[in-house]
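These notes concern the structure reproduced below.
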Amino acid sequence: MVVVHHVASVSGPRAGLLRTPAAVMDAGVAVFFVLSGFLIFRPHAVALIAGRPGQRAAAFWWRRILRIVPAYWVALTVLWAMGNFDLGDKWWRHYLFLQPFDRYTALAGLVPAWSLSTELCFYLLVPPFAAAVRWLVASRGAAGTGERQRALTVAAAVAVLGLLGPVARATAPTWAGENRALSFQWLPTNLDLFAAGMLLAVLSAWAASNPGPRARIDAVARPAWIWWGGAVTVFLLYAYLVGGVDFAVGHQGWSWQRRQVSFTACAVLLLVPAVFGPQDEGLLRRAWTWRPLVWVGTVSYGLYLWHVGVLERLVDQPPDPFTGAGGWDGWLPDRFDPPHVVLLLVITMAGALAVAAVSWYLLERPLQRFKGLLDSVAGRGR
């Protein structure tokens, strides 16, 4: 969705029928945040509901840094060296994931990386949040009760966390001040997205050890096409009744709340049949276990990092109007100016996947050998 969103914005009028839905396919970021909330929090939810210690914070953060930072630094450095963008004298903000907090760097450099900064802020939050919930469970006496009570306590804490999202959006003019227009990129205004995935994680973790409720939930989630049909319906209604919006206008007041609620609903509807229901039944479930699609998922972080860089190189780029620096002739022949959206999408996807594969096989996957480094060091210390 994000790749299509960026490609269609470059194709302009040649995006055709795809232009309207593509304008709001930045909703893919919402799907990313909800999915991340589920995947990242589920191990913590399992431990909290079972009443046992969770993963050490240092080990958790080390795994996340190893998975995210090196590949991002390489993409940022290479595209900077190629002249895709100029990081200016605040280049260090991009390397420290601080670019969304400054108006001069917020949408500079590797533009999609604003969501990566938000994701890393979420990683910082998870261990202390899990520790606070563990204390809450113990203080309420839920630690000595059944899993159901502990699960309800964890779910309540996550729900409160999620409520901070709409509150943060409603009060952004107050606490964000002159940077209100940037606050849509920050964690507080996106907490409900992460919390939606976290609530699914709590339900999944609890149901995993309760066969009766799990069977009933699976029965409801069995027809994947109903859930995905609901997601498509919500998305299309928003796309054609509201449509794409300017960053400043679309992220304020009721329009911002409506946008976030719609995208959260869409993401949850997509995720439910992937979490629950018989995963070996149905056309949709067979489709998302298709090996080529699974491979795209495997290298998808590189696709996220590199697709805009590849896209920018395919089309003519004029010099900077203020400095006269930069600019290049695109790799596509002039007769494809502006390029048709399908052509541009196919070439962008092919090129970005090729670079993503190199990133995965030569950098990202080899580094995963060190993901248990802190665990092994702690074990030797004991």
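The values are calculated or read from the model by the stated rules, or taken from the named source; none is laboratory data. Because the structure is predicted, anything quoted here is derived from the model rather than measured. Reconstructed Cβ throughout: ideal geometry from the backbone, glycine too, with neighbour counts over all protein chains shown.
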Next on the checklist: Among the numbered criteria (1) surrounded by fewer than 16 Cβ atoms within 10 Å (Cβ to Cβ); (2) under 21 Å from Q260 (Cα atoms), which one does P166 miss?
Outcome noted: (1)
Checklist entry - Out of F85, F122, which single residue is assigned to a loop (DSSP other than H, G, I, E, B) and surrounded by 15 or more Cβ atoms within 10 Å (Cβ to Cβ)? => result F85
Checklist entry - Any chance segment 178-195 includes a residue that's in contact (Cβ under 8 Å) with a residue 40 or more places away in the chain, outside any helix (DSSP H, G or I) and at negative phi? => result yes
Checklist entry - Being free of Cβ contacts under 8 Å to residues at least 12 places away in the same chain, part of a helix (DSSP H, G or I) and over 30 Å from L48 (Cα atoms), is that true of even one residue in segment 206-217? => result no
Next on the checklist: If the requirement is being farther than 18 Å from E312 by Cα and at pLDDT 95 or above, which of these qualifies: A75, A71?
Outcome noted: A71
Checklist entry - Looking at F370, is it touching a residue at least 60 places away in the same chain (Cβ under 8 Å) and touching an Asp or Glu at 6+ places or on another chain (Cβ under 6 Å)? => result no
Item to check | The one condition in (1) surrounded by 16 or more Cβ atoms within 10 Å (Cβ to Cβ); (2) modelled with pLDDT under 95 that A130 fails to fulfil | outcome: (2)
Checklist entry - Could we say that A157 is surrounded by 17 or more Cβ atoms within 10 Å (Cβ to Cβ), under 30 Å from Q257 (Cα atoms), in contact with a Phe, Trp or Tyr (Cβ under 9 Å, 6 or more places away or on another chain) and free of Cβ contacts under 8 Å to residues at least 40 places away in the same chain here? => result yes
Next on the checklist: Among the listed residues A219, A224, identify the single one that is of a type outside the set (V, I, T) and either touching a Leu at 6+ places or on another chain (Cβ under 8 Å) or crowded, with 16+ Cβ neighbours inside 10 Å (or both).
Outcome noted: A224
Checklist outcome for this item: Residues in segment 334-356 that are without any contact (Cβ under 8 Å) to a residue 24 or more places away in the chain and of a type outside the set (F, W, Y) total 8
Next on the checklist: Just checking: which of the helices (runs of 4 or more DSSP H) contained wholly in segment 258-315 hold 1 or more residues that are within 14 Å of the chain's Cα centre (by Cα) and in contact (Cβ under 8 Å) with a residue 60 or more places away in the chain?
Outcome noted: 300-314
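Of the residues L191, L236, which is within 27 Å of A113 (Cβ to Cβ), of a type outside the set (F, W, Y) and at pLDDT 95 or above?
Result of the check over L191, L236: L191.
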Item to check | Inter-residue pairs, beta-carbon under 6 Å, first closer than 16 Å to R258 by Cα and in segment 21-33, second of a type in the set (F, W, Y) and part of a helix (DSSP H, G or I), 6+ apart | outcome: A27/F263; A30/F263
Checklist entry - Pairs, please: C-beta under 6 Å, at least 6 apart or cross-chain, first residue assigned to a helix (DSSP H, G or I) and in segment 54-80, second among the aromatic types (F, W, Y)? => result R64/Y123; A75/W306
